[in-house]
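Student: Take a look at this one; I'll ask things after.
The values are calculated or read from the model by the stated rules, or taken from the named source; none is laboratory data. Source: prediction; values computed, not measured. Note that each Cβ is placed from the backbone with ideal geometry, even for glycine, and that neighbours are counted across all protein chains shown. Surface areas here come from the heavy atoms of the whole protein model, side chains and all, with no ligands, DNA or RNA. Shrake-Rupley method; radii C 1.70, N 1.55, O 1.52, S 1.80 Å.
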Amino acid sequence: MTLQSARKEKPVGITPFDREWPVSDGHMGKNTSPFPRVNRFINRVLEGEFTVDHQRASLVTEAYQKYEREPQVIKCALALANVLDNVEISITEDELIAGEMAAPMKAAPIFPEHSFSWVMDEMKNHPWHKRLHDRYYISKHSAKKLREIESFWKGKSIDEVVISEMNEDELKGTNIGRGFYLLNLYMYGGIGHLQANYEKLFARGFYGLREEVLEKLESLDKHEDPAGAKENFYRAELITIEAAIRYFQRYAALAVKIAEKEKTPLRKQELNIIADNCRWVSTNPPRTFFEALQLLYLATTIILIETNGHSVSIGRFDQFMEPFYRRDIESGEATKEDIQELIELYFIKHLWWTKLRDRLTVIANSGRGMGGDSITLGGVDREGNDATTDLTFMCLDAIAHTRSGVPWVAVRWHEQTPWELKVKTANVIRIGTGQPKVFNDQAAIPASLRAGRTLEDSRNYHVVGCVEIDSGGKEYGWHDAAYFNIAKILELAINDGRCIGCGEHCDRWENCGEMGKRLGPQTGKLAEFSSFDRVLEAYDRQMEYWVDLMIRGIEIMDRVHQRLKPLPYLSTLIDDCTEKGIDVSAGGARYNFTGPQAVGVGTTADGMAAIKQLIFEEKKVTAEGLLNALENNWVGDEPLYALVNSDKIHHYGNDDDYADELAKFATDTYCRHVENRPNCRGGKYLPGVYSVSANTALGLTQWASADGRVALEPVSDCLGPVHTWAGSHDTKGPSAIAKSVTKLDHIRAANGTLLNWKFSPSCVTGETGRDNLIALIDVYFDRRGMHSQFNIVSRETLENAIKNPEEYRYLLVRVAGYSAFFVELSKPLQYDIMGRTELSFD
Amino acid sequence: MTDLNKQGYVTNIQRYTIHDGPGIRTEVFLKGCPLNCKWCSNPECIRPAPEVGVYPDRCIGLDKCGFCLSACPAGEISALKTENNRVMAINRGSCTACLSCAKACPANALITWGKLYTVQEVVDAVLEDVPFYNKSGGGVTLSGGDPLIQWEFSLAILKECKEHGIHTCLETEHHISPGILNIVYPSVDLVITDIKHMDPQKHRVYTGVDNKLILHNIAETAKKEMPLVIRIPVIPGHNDSRENIEATARFIVGSLKNRVLQVQLLPYRQLGIEKYRSLGIPYGMEDFQPPEREIWEKNILSLAELLKTYGIPAVAGSSSRPSG
């Protein structure tokens, strides 16, 4: 089936596969593209400030008021239509692909259906323009308009309904309570984390989608739809499809209008092409690469306008765009350079999207981009053959040329990945923007099969958002359902269910500690445990209790989303929704998963190792001694603090089975309690093991821990070893890390895993540096590690960037799953990234 | 049969080194060196016996800890020098190198340089990274110090590694009896050696020994057609004159018949200061002001060019692959 399998010549981009760029030069805005228009475009996008825009919120509210009595799904459809028909639109200079997210470039629309009280609170009490990072500005007019709708949304937004429906037990561990598992993403925002079926959209166009819905509506058996739920759903789908068509046509009309006034003949011609493209793809399947790109961008943008989800991903761009590319090149419609320029302009258009996040979220998830708009390249095709295309290389060149951190690019490697693609990947990684991340088909495909997807769909996986494996176009995976701090579970397990550091400073003191209560169930005292195995048993029992509560909370959220926020437009683009007549939010997709992640693997493993070694084996410390030290945040116990942070204790990340087996136990216990639990959309739970940057937020709610963490310090990131303020716990270098980390079962963590590497530039310099980097990834992947991402930056550079932020304004670093401008990150996150062990081998 | 229980002193087994030989390697640093180079960056490998290094900055305070003082068998007249509530240094005269203080220290303020390993233990550690060697064309590198100070121990390691099919690289100063080289070389796949100076007098001043034996051994190594990489540590104001580099070039072309895989010119970096202090050894380059990076980089590049005019495969730095 694939074009590649029939082809003889090797895929190649516009630069030689081994073209090298300077190492550790991850700065944006340095005119690194060979296309002047792309450089101008980048500089223009960098110039403006980020703003908050009221239009979407006002138009949605207007529709909710006007159509109050309509069924919810129809109301949501009409609200989307009201936005698409009435929001102001524009086309700027140098643009070739039109479209905005119901707000101007770099302006954040507001989604009051999901949450609004924090928006009003922050607007009044914590102005966005006074933030230390992630700053936004708002006009007086927009602020006034937002205030006007405040009263309407009281008690109606999803967050308020969710919280009102959760009981005390269900709340106590969450971000609303003690804060050791975070449900905030889906409590306050949309779900996202999906990919539309672009192949279907490209094959049928919006008219084709409409036909499909009309057929279903006409053949609907009223006896099987007594309450009219399906009929309403289909009518809602039609409303949104037609609104989408009109939105495209508004851009076509606008382009014509601007073209009429345009004096430069070349630009006039371009504007007419934009108009033709928008008009044609408003209803029809695209014919050229250019048309397909226009349809891809704006159709995706409408998903963002409807859903408020981040990590709305693009998927396998080098696969589904390939037929258009090939046709254009063969027919002479476009040259390779034309296509390259379009890809780069398209990449930059991802910078137009922005999302306003609340002030607590931005501590952990800094960065103002939409987030998670991922593209997946390479890998095998549905039949298991290498799927590399010219576009694979061209997209990697586009990263090197644009250096913008968007879209988030993942490259899939497999056993037959061409050497040329590995070299290209390594050379782009070495630039140091943190892009691309590398995924391992040898782990991801078995993990996907284990989750229950078909072999074809598993081979065709793409990466959603930061880390998650997804079968694009037919899945609603709730991939970012929660971040769950397993280090807190160990704390409760050694302290009989009570928090270490329990006291008046805690928000919950009055209902909990002061009343003589404890947070979790009583699972025994460390001092009374006869052996270390009792510690592990207590850990297991605490885990079971808290995973149950977490899942109850997630299920409540899921049901509220289904009830209040059906997504009829998205449903037209995800397989089986229209077929089944069920909204994507309610289980209409072919695959329905829920993915909560474990955080703090290293912290838990090293804590367990310290307890096992010092208390049960060497008997150097008593249980009371350790617990006292933790309660006192190590003050007065400095030697113990130094010791647990020293290499005299077994530590995860050093290829030391003693600690690595504890890490495996810690994560397996989490996975065992999460996996295969049913969710309310007819699917099941899939555990993930990664933190993205939630490890900083989760650290802020936890007192000192036995691994040598002081109170409030971040817990360990993703699968990485511990690095506390006293130092890094891994001392044996990258091969030892790779081996330790691959002792964990990545295939079991089917929602995804992640290991962040940080290399000093000197160790990846030159051809040998490049080849050693490739060899490292190869070995990690042979051992079934799933996913790696890289920072190529020296500590010195990061220290300088903290001191002189103006000189490093556009320095990109890898956070986890995504890249962001370092100087715009929150301080805890900056220090967390700086503290990751720098692997330097001089 | 290789004696796997044979013991030797190792200061460090470093995994994933990438500059001393091809590919990803495990580097075994052995203790003891016949030379005493002024610029040595591994002073912990110079003396043959184990010793304790002191890092006062890491000391958490004698009032809070003091485990080292209690552990020192010298008792009242402790071998540990203290100041401002910290352990500062070791009175090497009264220290018996029993290492008790380093074992007791929880904070790595006192550390042991040189631990006794069996051949089996070293080889086991080397075997951990076989998949990385296989992917990258790497292997094991014995370094130091000079591994041939403990040549029987080193030979046993090399032999056992060869048994496991691991590529072996030996970094040696070549200040050793030629007969030992003859015994060791059959177990070595690549030799890395330094030429620090061509002038015997200056060589003695900077390294403590004459260069005659060294140059003889290097010439013999080339004659045996051993794969050979030569390194010149370029120390500004010491050996970086064009005369010295040209003399080196004549030696390589003449005595070695240019039978070298690569000649690497390595920049001097002031790396070892902390270690010198920790060992209580005066650092010969303490007051040396290294020139600006642009200047030495340019200088090294021009010296490499100079060597190339002799047809020598010279490179600046150690991260390019030999073309041979």
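Student: Report, in degrees rounded to the nearest 10, the 0 to 90 angle that the Cα long axis of helix A:55-66 makes with the longest principal axis of chain A.
Tutor: 80 degrees
Student: Okay, next question. What's the ranking of A:592-599, A:221-228, A:164-171 by average number of surrounding C-beta atoms within 10 Å, highest first? Walk me through the intermediate numbers first.
Tutor: Numbers: A:592-599: 28.2, A:221-228: 9.0, A:164-171: 14.9.
Averaged packing, sorted descending, gives the order A:592-599, A:164-171, A:221-228.
Student: Give the angle, between 0 and 90 degrees and rounded to the nearest 10, that separates the Cα long axis of helix B:293-308 from the longest principal axis of the Cα atoms of chain B.
Tutor: Around 40 degrees separate the two axes.
Student: Between A:GLN72 and A:ASP85, what length in nm is gained on full extension when 0.36 nm per residue of separation is reduced by their alpha carbon distance? Spell out each step's value before the answer.
Tutor: Working: separation 13, 0.36 × 13 = 4.68 nm, distance 1.97 nm.
The span from A:GLN72 to A:ASP85 would gain 2.7 nm if fully extended.
Student: Can you work out ³J(HN,Hα) from phi for every residue in region A:170-178, in order, using Karplus 6.51 cos²θ - 1.76 cosθ + 1.60 and θ = phi - 60°, giving whole Hz and x for Gly and Pro?
Tutor: Ordered by residue, 3J(HN,Hα) equals 6, 8, 5, x, 7, 4, 7, x, 6 Hz.
Student: Expressed as a rounded percentage, what relative contact order does region B:51-113 have, with Cα pairs under 8 Å and six or more residues apart?
Tutor: Numbers: 98 pairs, mean separation 30.9, N = 63.
Taking the mean separation of contacting Cα pairs over the length of region B:51-113, I get 49 percent.
Student: At 1.4 Å probe size, with the rest of the protein present, what percent of the exposed accessible area of the protein assembly as shown is carbon and sulfur atoms?
Tutor: Details: 20770 of 41560 Å².
Taking all protein chains in place, the protein assembly as shown shows 50 percent carbon and sulfur surface.
Student: Nearest 0.05, what FRET efficiency do B:LEU301 and B:ASN36 give at R0 = 41 Å with Cβ-Cβ as r? Walk me through the numbers before you get to the answer.
Tutor: On the way: r = 30 Å, r/R0 = 0.73.
With R0 = 41 Å, the Cβ-Cβ based efficiency is 0.85.
Student: If you don't mind, there's one more thing I want to ask. Scan around A:VAL409 for amide H atoms under 5 Å from its own, H built in the peptide plane at 1.01 Å from N, and keep only partners 5 or more places away or cross-chain.
Tutor: Those lying under 5 Å, H to H, from A:VAL409 are A:ILE375, A:LYS437.
Student: Given R₀ = 22 Å, FRET efficiency for A:ARG135-A:ASN43 by Cβ-Cβ distance, to 0.05?
Tutor: Details: r = 20 Å, r/R0 = 0.90.
That pair, A:ARG135 with A:ASN43, gives E of 0.65.
Student: Given a Förster radius of 60 Å and the C-beta distance between B:LYS115 and A:LYS124 as r, what FRET efficiency does 1/(1 + (r/R0)^6) yield to the nearest 0.05?
Tutor: Values: r = 64 Å, r/R0 = 1.06.
Computed FRET efficiency for B:LYS115 and A:LYS124 comes out at 0.40.
Student: When N is the residue count of region A:492-617, what does its C-alpha Rg come to as a fraction of 2.2 N^0.38 Å?
Tutor: Numbers: Rg = 21.1 Å, N = 126, 2.2 N^0.38 = 13.8 Å.
For region A:492-617, the normalised Cα radius of gyration comes out at 1.53.
Student: Something else now. Give, as a single signed number, the net charge of other residues whose beta carbon lies under 15 Å from the beta carbon of A:LEU712, with Lys and Arg counted +1 and Asp and Glu -1. Please report the intermediate quantities before stating the final value.
Tutor: Values: positive: A:ARG178, A:LYS488, A:ARG709, A:LYS827; negative: A:GLU491, A:ASP507, A:GLU631, A:ASP707, A:GLU713, A:ASP832.
That sum, taken over residues with Cβ under 15 Å, equals -2.
Student: Tell me the relative contact order for chain B as a rounded percent, counting alpha carbon contacts under 8 Å between residues six or more apart.
Tutor: Taking the mean separation of contacting Cα pairs over the length of chain B, I get 20 percent.
Student: Also, I was wondering about something else. Counting Lys and Arg as +1 and Asp and Glu as -1, each charge on the Cβ, what is the dipole of region B:51-113 about the Cα centre in debye, to the nearest 20? Mind dumping the intermediate values first?
Tutor: Numbers: 6 positive and 5 negative charges, 19 e Å.
The calculation lands at about 100 debye.
Student: Let me ask something else about it. Pull up all non-local amide H partners of A:ILE138: gap of 5 or more, or a different chain, and H-to-H distance under 5 Å with H placed in the peptide plane.
Tutor: A:VAL52
Student: For region A:546-634, report the convex hull volume of the alpha-carbon atoms normalised per residue, in Å³, without decimals.
Tutor: Details: hull volume 14.0 nm³, N = 89.
In region A:546-634, the Cα hull volume divided by residue count equals 157 Å³.
Student: Using a simple spin-label model with points 7 Å from Cα along the Cα→Cβ vector, what separation in nm is obtained for B:LYS103 and A:LYS222?
Tutor: About 9.1 nm, to one decimal.
Student: Can you tell me how much longer the chain between B:HIS216 and B:LYS308 gets when fully stretched, taken as 0.36 nm per residue apart minus their C-alpha distance, in nm with one decimal? Could the numbers behind the result be given before it?
Tutor: On the way: separation 92, 0.36 × 92 = 33.12 nm, distance 2.31 nm.
Full extension of this stretch gives 30.8 nm more.
Student: Once you've got the Cα coordinates, tell me which of A:LYS261/A:LYS349; A:LYS156/A:LYS216; A:LYS75/A:LYS144 are over 28 Å apart.
Tutor: Numbers: A:LYS261/A:LYS349 24 Å; A:LYS156/A:LYS216 32 Å; A:LYS75/A:LYS144 25 Å.
From the list (A:LYS261/A:LYS349; A:LYS156/A:LYS216; A:LYS75/A:LYS144), the Cα-Cα distance tops 28 Å for A:LYS156/A:LYS216.
Student: Please list, by residue number, everything in region B:40-82 whose backbone N is under 16 Å from a paramagnetic label point 7 Å out along Cα→Cβ of B:ASN91.
Tutor: B:69-82
Student: Relative contact order (percent) for chain A, with alpha-carbon contacts under 8 angstrom and 6 or more residues of separation? Numbers along the way, then the final one.
Tutor: Details: 1769 pairs, mean separation 135.3, N = 842.
Result for chain A is 16 percent.
Student: Which value in nm describes the separation of the simple spin-label points at A:TRP21 and A:GLU514, placed 7 Å from the Cα toward the beta carbon?
Tutor: 5.6 nm
Student: In nm, to one decimal, how far is the A:ARG326 label point from the A:LYS154 one, both placed 7 Å along Cα→Cβ?
Tutor: 6.1 nm
Student: Moving on to the next point. How long are the semi-axes of the ellipsoid equivalent to region A:362-505, from square roots of 5 times the Cα gyration tensor eigenvalues, in whole Å, largest first? Please report the intermediate quantities before stating the final value.
Tutor: Working: eigenvalues 238, 90, 38 Å².
After diagonalising the Cα gyration tensor, the semi-axes are 34, 21, 14 Å.
Student: Rounded, prolate or oblate for region A:753-832? Axes are the square roots of the Cα gyration tensor eigenvalues, ordered a ≥ b ≥ c, and the cut-off for rounded is a/c under 1.5.
Tutor: Working: a/c = 3.13, a/b = 1.64, b/c = 1.91.
Cα axes put region A:753-832 in the oblate bin.
Student: Which Rg and Dmax, in Å, describe the Cα atoms of the protein assembly as shown?
Tutor: 32.2, 106
Student: By per-residue mean of other Cβ atoms within 10 Å, what is the highest-first order of A:652-663, A:551-562?
Tutor: Details: A:652-663: 23.3, A:551-562: 21.3.
Listed from highest to lowest mean packing, they are A:652-663, A:551-562.
Student: How many angstrom separate the Cα center of region A:696-746 from the Cα center of region A:159-220?
Tutor: Between the Cα centres of region A:696-746 and region A:159-220 lies a distance of 33 Å.
Student: Can you tell me what percent of all Cα-Cα pairs in region A:421-498 are more than 20 Å apart?
Tutor: Details: 1640 of 3003 pairs.
Looking at region A:421-498, the distances longer than 20 Å represent 55 percent of pairs.
Student: Tell me, what are the semi-axes, in whole angstrom and largest first, of the equivalent ellipsoid of region B:51-113 as set by the roots of 5 times the Cα gyration tensor eigenvalues? Don't jump to the answer; show the numbers that get you there.
Tutor: Numbers: eigenvalues 47, 31, 22 Å².
The equivalent ellipsoid of region B:51-113 has semi-axes of 15, 12, 11 Å.
Student: With +1 on the Cβ of every Lys and Arg and -1 on the Cβ of every Asp and Glu, and nothing else charged, how large is the dipole of chain A about its Cα centre, in debye rounded to the nearest 20? Let's see the in-between values first.
Tutor: Details: 99 positive and 120 negative charges, 272 e Å.
Value, rounded to 20: 1300 debye.
Student: Quick one: Karplus J couplings for region B:248-263, per residue in order, coefficients 6.51, -1.76, 1.60, θ = phi - 60°, nearest Hz, x for Gly and Pro?
Tutor: Each residue of region B:248-263 in turn: 4, 4, 5, 4, 5, 6, x, 5, 9, 6, 6, 7, 10, 6, 6, 10 Hz.
Student: Mind checking which aspartates and glutamates have their C-alpha under 14 Å from A:LYS154, skipping anything on the same chain fewer than 8 residues away?
Tutor: A:GLU113, A:ASP121
Student: Once the Cα gyration tensor of region A:97-210 is found, what semi-axes does its equivalent ellipsoid get, as square roots of 5 times the eigenvalues, in whole Å, sorted largest first? Could you put the intermediate results ahead of the total?
Tutor: Details: eigenvalues 176, 111, 44 Å².
Those come to 30, 24, 15 Å.
Student: Now for a separate question. What size of dipole, in debye to the nearest 20, comes out for region A:503-565 about its Cα centre when the only charges are +1 on Lys and Arg C-beta atoms and -1 on Asp and Glu C-beta atoms?
Tutor: The calculated dipole for region A:503-565 is roughly 280 debye.
Student: Using the alpha-carbon centroid of each, what span in Å lies between region A:528-590 and region A:56-82?
Tutor: Cα centroid to Cα centroid, the span is 28 Å.
Student: Okay, moving on. Got a sec to turn the phi values of region A:363-374 into Karplus ³J(HN,Hα) couplings, 6.51 cos²θ - 1.76 cosθ + 1.60 with θ = phi - 60°, whole Hz, x for Gly and Pro?
Tutor: Taking θ as phi minus 60°, the curve returns 4, 8, 10, 5, x, 9, x, 4, x, x, 7, 8 Hz for region A:363-374.
Student: Per residue and in Å³, how big is the convex hull formed by the alpha-carbon atoms of chain B? Kindly include the intermediate steps, with their values, before the conclusion.
Tutor: On the way: hull volume 47.0 nm³, N = 324.
Convex hull of Cα atoms, per residue: 145 Å³.
Student: What pairs in A:LYS620/A:LYS803; A:LYS648/B:LYS202; A:LYS355/A:LYS827; A:LYS200/A:LYS437; A:LYS827/B:LYS115 have C-alpha atoms more than 32 Å from each other?
Tutor: Details: A:LYS620/A:LYS803 43 Å; A:LYS648/B:LYS202 44 Å; A:LYS355/A:LYS827 20 Å; A:LYS200/A:LYS437 27 Å; A:LYS827/B:LYS115 41 Å.
Checking Cα-Cα distances, A:LYS620/A:LYS803; A:LYS648/B:LYS202; A:LYS827/B:LYS115 exceed 32 Å.
Student: Among DSSP beta bridges lying fully in region A:373-459, give the percent that are antiparallel, nearest 5.
Tutor: Expressed as a percentage, antiparallel bridges in region A:373-459 total about 10.
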